[in-house]
Amino acid sequence: MATTSRAEPDQRQVQRRTVVLLGSAQLLSAIGTGATVSIGSLLAVDLTGSESWAGSVATMMTLAAALAALPLASLAERRGRRVSLATGLAAALAGALLIVASVVSGIFVFLAVGAAGVGVGTAANLQARFAAVDLADPAHRGRSLSAVVWAITIGAVAGPNLIQPGAVVGQALGLPPIAGPFVISAAGLLLATALLIVGLRPDPLLFARRLAAAEAAAGQPAAAGQPARLGSSLSRGLRAVRHAPAAILALAAVVGAHAVMVGVMSMTPLHLQALVAGPGAHGSHTAGSAALVIIGFTISLHIAGMFALSPVLGWLTDKMGRLQTIALGLCTIVSAVLVAGYGQSSAGTVAVGLVLLGLGWSAATIAGSTLLAESVDQQDRVVVQGVSDMLMGAAGAAGGAVSGLVLSWAGYLGLNLAGGVLGAAVLAAAVFVLVTGRLQPAAGGQPVRSVGRGGSAPD
C-alpha cells in the first residue's frame, strides 16, 4: 500500500491533465465531424442525383463506428488509450480529406469511404469517455466522464453551424462552397490528433495498470485482466443478454431509440433544404444561405436535446426508476416524430420535433444502459456494454440506409410515422413490463419496475 500511497499525488495530477486534454481534443474533433452529419445527406444527393442515396453517409458513418468499436478497444488494451484514440481520429482526418476530394471530383465513392473514416473517429470519441475514468477515483468518475461528454456536446453543437462560414472558406481556397465545412473538419481533426499524440502522456490506461500492479504486489488483486478475443467477447455478450429478460428489454430500448433517432435526423436536412430552398436546390452544389443556416441551427438544437439535459435524465433514472424513464423516453420519441411529421411544412415545428427526438433518445439511452448493466452478472457487464454499442451502431446504419428509401417513397411524414411505429412497439413492451412488474434482473433483486437509486429497491 505504501507504493500506491506515494503514487497518489501523481495520479491526481495526471488525471486532471488527462481530462483537460481529452476534453480539448473532443471539442476539436466533434467540430470536425459535425458538418458531416448535418450536410452529408445533401452532398450524397448532389453527387448521385437521387434521394434514395441520401441516407448513405449516415449509414457509412454509423456502420463504421459499430465495426470499429471492438478493434479500437482491443488496440487500447494492447497499446493504450493514446494510440487507440489518435488512430481513430487519424482515420477521421483521412475521411474528411476524402470528402473534400469527392466534392472536387464528383466521385461518390470518395464520399462513402470518407464518411466511413469519419465514423471510425466517432467510435474513438465514444471511447474517450472511458479514458476519462481510467485514473479517476470512484467518487469523481461521473464528474470526469461528464466533463468529456460536455466537450463533445459543445463541439457537436457548434459543428453544424460552421456550414455557412465553411462556404466562405471553400470559396477562399478556390473550392466549391460545400467543400469548405469539410476543410474546417480536417483542421479540427488534425489539431485533435496532434494534441492526443503529444499531450496524452502518461497514457491513462497504462498508468492505471501500473498502479494496479503496485497494488497487486502489495497483496491486493489487480483490477485488469487480459482482453478476450473479439469473437469470444461478442458471443459471450450475446449469451449474457439472451439469458437475462431485463437485459433484452433494455437493449431493445437503446437500439430502437437509436434507430429512430438516426433515421429521422439524417433525413431532416434534406427535407429542410427542399422546404426552404425549394426542390430544385437538390441538383446544385449550393443549397442557399437561408437553408444552410436553418439546417445547421436545427441539427444543433437536436444535438443539444440529446445531451443538454442528460444529468437531469440520469437523476430521473435513479429517482423514478429505470423502466419508468425508458417509457418516458419512448413516449417522447413517439411524440417527437408526430410533431415533426405532421408539422413538416414548418421549419420551426420540425426543429421542435427534432429537439424532442433528442430528449427522448437521451432518456431511453441513459435508463436503458443503466438497466442493461444491472441486468447481467458483473463479469459480463463490460462485454455486454460493448455489444450494446455495436448493435446501436448497426441499428443506426440500418436506420440511415432505410430512411432514404422511405423518404423517397413515402415522404417526410411517412418516414416519421415509420419511426413512430418502431418506437411504439418498444414502448408497448416497456409499459407491459411496467404494469405487470414481473420481470426480474438476471442478477436477482426486486422487480425491474422498482429499480432506482443504487440498484433494486422494495416496492
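Structure data summary
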| item | result |
| --- | --- |
| Which numbered condition Arg449 misses (of (1) in a helix (DSSP H, G or I); (2) surrounded by fewer than 24 Cβ atoms within 10 Å (Cβ to Cβ); (3) modelled with pLDDT under 85; (4) in the same structural domain as Thr325 (by TED's automatic domain parsing)) | (4) |
| Candidates Ala64, Ala94 - the one that is touching a residue at least 24 places away in the same chain (Cβ under 8 Å), among the hydrophobic types (A, V, I, L, M, F, W, C) and either touching a helix residue (DSSP H, G or I) at 6+ places or on another chain (Cβ under 7 Å) or not assigned by TED's automatic domain parsing to the domain that holds Ser408 (or both) | Ala64 |
| Condition broken by Met1, with the remaining ones in (1) of a type in the set (A, V, I, L, M); (2) within 29 Å of Leu205 (Cβ to Cβ); (3) at pLDDT below 85; (4) buried (at least 24 other Cβ atoms within 10 Å of the Cβ) satisfied | (4) |
| Cβ-Cβ under 7 Å pairs, at least 6 apart or on other chains, region 235-253 side without any contact (Cβ under 8 Å) to a residue 24 or more places away in the chain, far side surrounded by fewer than 20 Cβ atoms within 10 Å (Cβ to Cβ) and of a type in the set (Ser, Thr, Tyr) | none |
| Val260 being part of a helix (DSSP H, G or I), modelled with pLDDT of 80 or more and under 23 Å from the mean Cα position of the chain (by Cα) | yes |
| Test: residue in region 102-113 that is in a helix (DSSP H, G or I) and under 15 Å from the mean Cα position of the chain (by Cα) | no |
| Qualifying positions in region 47-78 - at pLDDT 85 or above and charged (D, E, K, R) | none |
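Here's the yes/no breakdown for (1) modelled with pLDDT of 85 or more; (2) part of a helix (DSSP H, G or I):
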{"site": "Trp150", "(1), (2)": "no, yes"}
{"site": "Gly159", "(1), (2)": "no, yes"}
{"site": "Leu162", "(1), (2)": "no, yes"}
{"site": "Ala167", "(1), (2)": "no, yes"}
{"site": "Leu191", "(1), (2)": "yes, yes"}
{"site": "Arg201", "(1), (2)": "yes, no"}
{"site": "Ala212", "(1), (2)": "no, yes"}
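The values are calculated or read from the model by the stated rules, or taken from the named source; none is laboratory data. Only a predicted model underlies this, so the values are computations on that prediction, with no experimental measurement involved. All Cβ positions, even for glycine, are placed from backbone atoms using ideal geometry, and neighbour counts span all protein chains on display.
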